[in-house]
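Notes follow once the structure below has been shown.
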């Protein structure tokens, strides 16, 4: 099967998720497919403009919806151009334009990024018959319920208001009609500026067939009154506690930590939350909104057309980390990490090799975190005791987010050569009661070095390494965000 045909099938698969009728499905897809295959773009659009019957009008209306969907489902990551030589994008660009910021926000809310900085699905800010608004680390999404599509986004990184799952910093939201206020609190007290967004811009952009990232229309110093207003209108409860039979409902899924409580027409209370369900065999998630009537316990599950396909691995081309002294034992350990990850992973004392868990595609930057607490030299053999870890990071704007990590406290064996040093093996202690004893046996009697190794704070090593990396390679990153902690400055 040809490469182009495979890509066409991917687009068709995304298109079929709309679940149109069989006849409309066939008619519309034939039109889209024709444009992919033919060099003349726009023939379909001109042809549709000449058709005025009611039936054809229905097809055109559906086609507009299909085009908008395809922009989000397939083109939202810029993958359309690569898949079809730009032809598909040329066709769809006549209907909907999606800016780059919106592409990134939707992508990171529907792929593996959703688990980077939190254990929960995005926070639900509003749930009405007209629209749904939700927010997470990577942005805010405004979703048109009537049209069944994303109508706008907000990039929270640009205003440094993306504090979720932190210790003392929290980003707060107030929805007041078409006004959305965003600001930050530290230990419960508002600080800095608030940003007001006009959500009515989404409707105006849709008339221009655009889905874009909104910019604030007002920026002022935040006051205590805004936080008082938010608390007064607080309508949240813990999702797990409010949803009846929560264990069964949310099994194997990611859900919002807090559910939004709203009054329903019969006078009862409805609990609403977002749910992410992983698509089998991929790193992508389908988004739903779950609603449960608190009195009747009846639950509805509505699928949201917030789609993003995982792009081909984007080559960031980040440079490698290096030590100040390129002939040092630390540089030899760094080289081992990059060139021989199996050796860097080590083996257990009196046991088997440790399987390397170094990441491949899912992290944008991976660095060795090496902290040396003792060195012993015997002839041309050098033994080093310390911590030997790796950390994987994903990026958003000027922030590096901890995504995964692994490693050990261990002893490394190196050989001195004419070109410096070479790592021969890394031996890790067994667990439990053997841990300290094994370190002493492997490294030799040195209570100070062993105790220093046991007490070593790996997280401080991560920050120190990132600061060195950013400086030596002149990288743009300003903050590092560890899971569950406040961001730390790298400058």
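No lab work stands behind these numbers, since they all come straight from the coordinates. Bear in mind the structure is a predicted one, so any value in this text is a computation, not a measurement. Neighbour counts are summed over all protein chains in view; Cβ atoms, including those assigned to glycine, are modelled from backbone coordinates with ideal geometry.
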For region 104-154, the Rg and Dmax computed from alpha carbons only, in angstrom: 10.9, 31
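Region 393-489: D in µm²/s via Stokes-Einstein (Kirkwood Rh, Cα pairs, 25 °C, 0.890 mPa s)?
On the way: Rh = 16.1 Å.
After rounding, the answer is 152 µm²/s.
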Two-site label geometry, residue 445 and residue 234: point separation in nm, points 7 Å out along Cα→Cβ: 6.0 nm
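Taking the number of other C-beta atoms within 10 Å as the exposure measure, put 318, 480 in order starting with the fewest.
Going from sparsest to densest Cβ surroundings: 318, 480.
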Rounded, prolate or oblate (a/c below 1.5 giving rounded, otherwise prolate when a/b exceeds b/c) for region 387-437 by Cα gyration tensor: oblate
Amide N proximity, region 424-439 versus residue 454 label position 7 Å along Cα-to-Cβ, cut-off under 20 Å: 427-439
Antiparallel %, DSSP beta bridges [both residues in region 329-489], to 5: 90 percent
Peptide ranges 192-203, 451-462 listed from the most packed, as the mean C-beta count within 10 angstrom indicates: 192-203, 451-462
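Cα gyration tensor of region 224-312, axes a ≥ b ≥ c as square roots of the eigenvalues: rounded (a/c below 1.5), prolate (a/b > b/c) or oblate? Intermediate values should be presented prior to the final figure.
Working: a/c = 2.29, a/b = 1.45, b/c = 1.58.
Oblate is the answer for region 224-312, as a/c is 1.5 or above yet b/c matches or exceeds a/b.
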Inter-centroid distance (Cα atoms) of region 375-416 relative to region 123-187, Å: 38 Å
Of all DSSP beta bridges in region 98-303, antiparallel share, percent nearest 5: 95 percent
Distance from region 421-469 to region 201-231 (C-alpha centre basis), Å: 50 Å
Region 98-303 shape via C-alpha gyration tensor axes, a/c threshold 1.5: rounded
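Listed highest first by mean packing, meaning other Cβ atoms within 10 Å per residue, what order do 464-470, 253-259, 419-425 come in? Numbers along the way, then the final one.
Numbers: 464-470: 17.6, 253-259: 20.3, 419-425: 15.7.
Top to bottom by mean Cβ count within 10 Å: 253-259, 464-470, 419-425.
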Highest to lowest packing among 126-137, 221-232, 155-166, scored as the average C-beta count within 10 Å: 155-166, 126-137, 221-232
